[in-house]
Amino acid sequence: MALISCAECGQQISDKAAACPRCGSPASTSSNPIRDSVIQLEKALFDEVQKFSARIRELASFARRPSPPSAPPSPDIPDQIRKLAKLKDDGIISSEEFEAKKTELLGKL
Ligand SMILES: [Zn+2]
């Protein structure tokens, strides 16, 4: 005969006992593998939930951190000038407009 711990109160009870003498909880023994696996599953699930909530807290604290000032997206200036040149060639903008815009874009380089 061996002693097992009562699942409810932790009392050491005989594995031959049908129920815990202390709290009356039905004894959990290896003769009830379904109950054992359910308990193991619950423990595994609890661990996962703990890990998950820790991760959520980590992400939440990360989200609260002020983000570093990000540089505005720098457009591809040479590419814009090329497009402007195409507009000029197509007669959509005048040479003056093209030159003015080109000067402005080149000033940003
Ligand atoms: Zn008990």
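Quick look at the values:
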read-out: Residues within the stretch 1-52 that are among the basic types (K, R) and within 8 Å of the ligand (Cβ to nearest atom), tallied; value: 1
read-out: Hey, I34 at pLDDT below 80 and in a helix (DSSP H, G or I) or not; value: yes
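The values are calculated or read from the model by the stated rules, or taken from the named source; none is laboratory data. In this text, all values refer to a predicted model and were calculated from it rather than measured experimentally. As a convention, Cβ positions derive from the backbone with ideal geometry for all residues, glycine included, and neighbour counts pool all protein chains shown.
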